[in-house]
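Notes follow the structure.
The values are calculated or read from the model by the stated rules, or taken from the named source; none is laboratory data. Note that the structure is predicted; figures quoted are calculated from it, not measured. Here Cβ is always computed from backbone atoms with ideal geometry, including for glycine, and neighbour counts include all displayed protein chains. Protein only, heavy atoms only, side chains kept; ligands, DNA and RNA dropped before computing areas. Shrake-Rupley method; radii C 1.70, N 1.55, O 1.52, S 1.80 Å.
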Amino acid sequence: QVRLVESGGGLVQPGGSLRLSCAASGTISNLYTMGWYRQPPGKERELVATMTTGGPATYLDSVRGRFTISRPNAKNTILQMNSLKPEDTAVYYCNVRTLTGKDYWGQGTQVTVSS
């Protein structure tokens, strides 16, 4: 059984930083990308950043230059978020996608940016 466990969310002031981590367990065949999505209050879920195994990263335009995704190994991903803005407030979800297009999701972690 595949399980994704996120950690690192919380409350931060504008301009602050947070680091989200995600660890995948279980057997994932043909893992292709690991990344992060977010769902702001009252809005649709959107891609924040994703990274192929050994490949380049893709970012949402509004976070490029402020957020950095990394993959220390095949089953872990980290999202370093700097210069946070109130509009970054959302539930952040870890995502794994296989080559066949199957998605796995974490339970979500709340990020709140507020003074």
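Would you check which residues across the range 53-77 are open to solvent by 30 Å² or more (accessible area, probe 1.4 Å), within 18 Å of residue 103 (Cβ to Cβ) and among the polar types (S, T, N, Q) and list them?
Hits for the range 53-77 are 53, 58, 76.
Mind listing whichever residues of the range 1-20 are part of a strand (DSSP E or B), among the small types (Gly, Ala, Ser) and either open to solvent by 40 Å² or more (accessible area, probe 1.4 Å) or modelled with pLDDT under 95 (or both)? Break it down stepwise before answering.
Kept after step one, since they are part of a strand (DSSP E or B), are these residues of the range 1-20: 3-7, 10-12, 18-20.
Within this subset, residues satisfying the condition of being among the small types (Gly, Ala, Ser) are 7, 10.
Matches in the range 1-20: 7 only.
Evaluate the range 92-105: report whether one residue or more is over 26 Å from residue 1 (Cβ atoms), open to solvent by 70 Å² or more (accessible area, probe 1.4 Å) and not small (Gly, Ala, Ser). Can you show your working first?
In the first step, residues of the range 92-105 are kept if they are over 26 Å from residue 1 (Cβ atoms); the result is none.
So far as the range 92-105 goes, no, none of its residues is over 26 Å from residue 1 (Cβ atoms), open to solvent by 70 Å² or more (accessible area, probe 1.4 Å) and not small (Gly, Ala, Ser).
Listed residues 104, 92; which is closer than 16 Å to residue 17 by Cβ and in a strand (DSSP E or B)?
Working: 104 fails: closer than 16 Å to residue 17 by Cβ.
Exactly one of 104, 92 is closer than 16 Å to residue 17 by Cβ and in a strand (DSSP E or B), namely 92.
Residue-wise test of (1) among the polar types (S, T, N, Q); (2) at pLDDT 95 or above.
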| site | (1), (2) |
| --- | --- |
| 64 | no, yes |
| 68 | yes, yes |
| 72 | no, no |
| 76 | yes, no |
| 89 | yes, yes |
| 92 | no, yes |
| 101 | no, no |
| 106 | no, yes |
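Output the number of residues of the range 21-45 satisfying the condition of being open to solvent by 40 Å² or more (accessible area, probe 1.4 Å), assigned to a loop (DSSP other than H, G, I, E, B) and farther than 21 Å from residue 60 by Cα.
Residues meeting the conditions: 3.
In the range 66-89, what count of residues is obtained for those that are assigned to a loop (DSSP other than H, G, I, E, B) and either closer than 13 Å to residue 8 by Cβ or not hydrophobic (A, V, I, L, M, F, W, C) (or both)?
We begin by selecting, within the range 66-89, every residue assigned to a loop (DSSP other than H, G, I, E, B); these are 66, 74-75, 82-85, 89.
Still in the running and either closer than 13 Å to residue 8 by Cβ or not hydrophobic (A, V, I, L, M, F, W, C) (or both): 66, 75, 82-85, 89.
Matching residues across the range 66-89 total 7.
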